[in-house]
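Take a look at the structure set out below.
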Amino acid sequence: MADSLQRPLGGCALVPLDITHSNFENHRWAEIRLDPEHTIEQIKERLYRMVGTPPASMKLTLQHPTGEFEIPLDDDSAQLKRYGIEPGLVLHIDDTDPNSLSKGGGLEHTEMVAKYTMSDEDYAKRSGTMREFKARMQAARPELFSQGDASSEEPAESLEQLKQDYPVDSRCEVQPGGRRGRVAYVGQVEGGTGNYIGVELDEPQGKNDGTKNGKRYFDCRPNYGCFVRRDKVAVGDFPPIDPFDLEEL
């Protein structure tokens with residue numbers, strides 16, 4: 001027992017006790033060293049700084065770890081040593097405040113803590129947000145937000161008419177960027193709505209190899225394929241661009 005005790009200057013040996021709390025089911029403060037000559041009132045003040053329960057809302061009990069006995073510490077003016085404390089016992093705090101923040105695990109279970117939420121209307125009033133930045137960019141550079149990918153939507157139309165307007169193997173030009181290639185597929189795409197034009201590009205300026213969401217629609221080299229809406233594709237006399245056939249300036 002002597003190894004478990006420490007002696008403060010000018011006082012008797014400190015006694016290590018485990019501290020438990022009625023509102024903290026999953027937490028135990030191990031071997032908190034207390035001065036047996038301190039009064040229960042002084043002990044409560046120290047515990048208040050440790051667990052946050054005001055002394056007026058504390059009901060203390062000295063317990064044996066196996067439950068053999070429980071001794072209420074009900075005299076605030078009495079010294080702790082009056083109750084026969086010794087190492088290995090448990091000092092239990094019962095929080096009697098019905099409005100305690102820690103009641104019912106309020107400080108242990110984060111899912112019980114109310115999260116701050118902001119309405120869409122309030123967020124729209126704030127400045128310097130990502131939404132405000134995106135709106136400015138869309139107004140200044142609309143072409144950056146019009147890529148014609150598989151997430152875009154268009155009015156429903158006849159697939160047969162679309163196939164007539166965009167025959168497979170027709171030469172075409174895709175916007176943005178004036179990318180040239182050939183029509184490789186016409187129809188619906190997994191994960192999208194409506195119909196798309198699948199294009200095999202002449203240069204690696206695409207996003208796939210003719211596959212979308214794990215399903216293959218046509219064959220081409222990686223980054224030579226793209227799926228776009230009809231308003232981004234023009235079919236006609238669009239031969240491959242010869243970089244050596246350009247007039248020098």
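Considering only residues that are free of Cβ contacts under 8 Å to residues at least 60 places away in the same chain and part of a loop (DSSP other than H, G, I, E, B), look in region 69-87 and name the one that is farthest from Ile40 (Cα to Cα).
Checked region 69-87; the qualifying residue farthest from Ile40 (Cα to Cα) is Phe69.
Of all residues in region 189-209, how many are in contact with a Cys (Cβ under 9 Å, 6 or more places away or on another chain) and of a type in the set (D, E, K, R)?
3
Is it the case that Arg33 is assigned by TED's automatic domain parsing to the domain that holds Tyr83, in a helix (DSSP H, G or I) and surrounded by 13 or more Cβ atoms within 10 Å (Cβ to Cβ)?
When the stated conditions are applied, Arg33 does not pass them.
For Thr53, work out the one condition from (1) in contact (Cβ under 8 Å) with a residue 40 or more places away in the chain; (2) outside any loop (DSSP other than H, G, I, E, B); (3) of a type in the set (Val, Ile, Thr) it doesn't fulfil.
If we test Thr53 against (1) in contact (Cβ under 8 Å) with a residue 40 or more places away in the chain; (2) outside any loop (DSSP other than H, G, I, E, B); (3) of a type in the set (Val, Ile, Thr), just (2) comes out false.
Quick one: what pairs do we get from region 112-126, first residue outside any loop (DSSP other than H, G, I, E, B), second modelled with pLDDT under 85, C-beta under 8 Å, 6+ apart or different chains?
Short answer, once both residue conditions are applied: Met112/Gly104; Met112/Gly105; Met112/Gly106; Tyr123/Arg131; Ala124/Arg131.
Answer with yes or no whether Glu121 is at pLDDT below 70 and not aliphatic (A, V, I, L, M).
When the stated conditions are applied, Glu121 does not pass them.
Testing Thr61 on (1) assigned to a strand (DSSP E or B); (2) surrounded by 14 or more Cβ atoms within 10 Å (Cβ to Cβ); (3) modelled with pLDDT under 90, one condition comes back false. Which one is that?
Checking Thr61 against (1) assigned to a strand (DSSP E or B); (2) surrounded by 14 or more Cβ atoms within 10 Å (Cβ to Cβ); (3) modelled with pLDDT under 90, the one that fails is (3).
Take region 171-195 and flag every residue that is assigned to a strand (DSSP E or B), of a type in the set (Gly, Ala, Ser) and crowded, with 16+ Cβ neighbours inside 10 Å.
Gly181, Ala184
Of all residues in region 64-100, which are aromatic (Phe, Trp, Tyr) and at pLDDT below 90?
Of everything in region 64-100, just one residue is aromatic (Phe, Trp, Tyr) and at pLDDT below 90, namely Phe69.
Quick one: is Lys215 over 28 Å from Pro142 (Cβ atoms) and surrounded by fewer than 20 Cβ atoms within 10 Å (Cβ to Cβ)?
yes
Assess whether Cys220 counts as being in a loop (DSSP other than H, G, I, E, B), modelled with pLDDT of 95 or more and surrounded by 15 or more Cβ atoms within 10 Å (Cβ to Cβ).
yes
The values are calculated or read from the model by the stated rules, or taken from the named source; none is laboratory data. All values reported here derive from a predicted model rather than from experimental measurement. Ideal geometry is used to build each Cβ from the backbone, glycine not excepted, and the neighbour counts take in all protein chains shown.
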